[in-house]
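Peer 1: Here's a structure for you.
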Amino acid sequence: MTQHTSTTSIQSWQSIISKYNKPRISHSVWQMINSLGPYFLIWILMVQTMKVSFWLTLPLMLLAAGFLIRIFIIFHDCGHGSFFRSKKLNFYIGSACGMLAFTPYHKWTDSHRAHHQTVGNLDKRGLGDVWTLTVDEYLALSPFKRFSYRFFRHPAILLGIGGIAIFIIGHRFTNRRMTEKQRLNVYATNIIMFIAAAIASWFIGWQAFLLIQLPVMYFASIGGIYLFYLQHQYDEVYWCRDKDWDYLKMAMQGSSFFKLPGILRWFTGNIGFHHIHHLGPTIPNYNLPKCHKENSLFQDVKPITFFESFKALGIRFWDEANQCAVGLRELRRKRAAA
């Protein structure tokens, strides 16, 4: 908890969270079965259809990508210690699911926990979030750096290239900021993934393996990055400086409620209830809808619908003077008017 959170606020919402943050082994095991089982079955079908036509395999790739996103949510919950009561079980199951998504367990989960404690904090940006500049910071940049920022934040780059680059390449390397445990976990993950890929390639051929694995990862990365982006990049989002940062406020105002259709909510493991997740990261994903339904505190948050979410891709900066998110076009209009 942060020092900025009042005792009254803690008492009021912690009592709610405590009702839902207990994982049930039957629910967790069933989610593993209905996520991992279909994924591996689809893989078998893709191998067989690939012998006939790539285009026959393409719809199965999209379906497999959906299940891979769901598997990533299991990995995500394990990292929060919310999927099983056992820390060891969370590690082993989380690591296995992470390898399917090309993501090392300790490197990602440690960064993600830091993200929960710094989200929306303008003085602590860069920990597991999408890099965001304030209007003043952007205007102070050189023309080339402004272009670089716009280039990076463009949807075609952020979604089309950024996601797959992070999962395929970025997660394979260590850096000096990592702990020894994180570095060893990256090495172990890479070795096990390489062995698994070699075995799969031995049976089906390396060409078939790559023609299946890479598109599945590509489609899954687009969906995953889009979900992650929308969680803290939308019209009514809230950012602030460290002195004003409040855990409750950043969960409820700095994290979105993405109201998805039922089938998409299932594939995304209810991660659209992100305001609840940030308030109670130890709540298993399968308890989030019930928590939302039974507590008016969460129902008061304005939802973002599937079609409304697309305009969030245009958000580029945080306007500190007016305390709102603005896009490039709006910024240019304001500058022209000034």
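Peer 1: Restricting to region 33-73, count the residues that are of a type in the set (Val, Ile, Thr) and either under 24 Å from the mean Cα position of the chain (by Cα) or under 25 Å from Gly94 (Cβ atoms) (or both).
Peer 2: Of the residues in region 33-73, 6 are of a type in the set (Val, Ile, Thr) and either under 24 Å from the mean Cα position of the chain (by Cα) or under 25 Å from Gly94 (Cβ atoms) (or both).
Table: residues versus (1) surrounded by fewer than 22 Cβ atoms within 10 Å (Cβ to Cβ); (2) hydrophobic (A, V, I, L, M, F, W, C); (3) part of a helix (DSSP H, G or I); (4) at positive phi.
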position	(1), (2), (3), (4)
Leu45	yes, yes, yes, no
Phe67	no, yes, yes, no
Phe75	no, yes, yes, no
Lys88	yes, no, yes, no
Cys97	no, yes, yes, no
Trp108	no, yes, yes, no
Ser111	yes, no, yes, no
Gln117	yes, no, yes, no
Asp123	yes, no, no, no
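Peer 1: Could you please find all residues in region 283-338 being more than 30 Å from Ile17 (Cα to Cα), under 23 Å from the mean Cα position of the chain (by Cα), assigned to a helix (DSSP H, G or I) and modelled with pLDDT under 90?
Peer 2: The answer is Lys311, Leu313, Gly314.
Rundown of residues vs (1) out of contact with any strand residue (DSSP E or B) (no Cβ under 7 Å at 6 or more places or on another chain); (2) in contact (Cβ under 8 Å) with a residue 12 or more places away in the chain; (3) surrounded by 22 or more Cβ atoms within 10 Å (Cβ to Cβ), yes/no style:
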| position | (1), (2), (3) |
| --- | --- |
| Asp242 | no, yes, no |
| Gly262 | yes, no, no |
| His278 | yes, yes, yes |
| Val301 | no, yes, no |
| Ala321 | yes, yes, no |
| Gly327 | no, yes, no |
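Peer 1: Another one. Answer with yes or no whether Pro23 is within 14 Å of Val216 (Cα to Cα), modelled with pLDDT of 95 or more and either part of a helix (DSSP H, G or I) or over 16 Å from the mean Cα position of the chain (by Cα) (or both).
Peer 2: Details: within 14 Å of Val216 (Cα to Cα): no; modelled with pLDDT of 95 or more: yes; either part of a helix (DSSP H, G or I) or over 16 Å from the mean Cα position of the chain (by Cα) (or both): yes.
In short, no.
Peer 1: Based on what the data block shows, is Arg176 at negative phi, of a type in the set (Lys, Arg) and not in a helix (DSSP H, G or I)?
Peer 2: On the way: at negative phi: yes; of a type in the set (Lys, Arg): yes; not in a helix (DSSP H, G or I): yes.
Taking the combined requirement at face value, the residue satisfies it.
Peer 1: Let me ask something additional. Between Ile199, Ile191, Ile204, which is crowded, with 17+ Cβ neighbours inside 10 Å and out of contact with any Lys or Arg (no Cβ under 9 Å at 6 or more places or on another chain)?
Peer 2: Of Ile199, Ile191, Ile204, the one residue that is crowded, with 17+ Cβ neighbours inside 10 Å and out of contact with any Lys or Arg (no Cβ under 9 Å at 6 or more places or on another chain) is Ile204.
The values are calculated or read from the model by the stated rules, or taken from the named source; none is laboratory data. As the structure is a prediction and not an experimental result, all values here were calculated from the model. In this analysis, Cβ positions are derived from the backbone assuming ideal geometry, glycine residues included, and neighbour counts consider all displayed protein chains.
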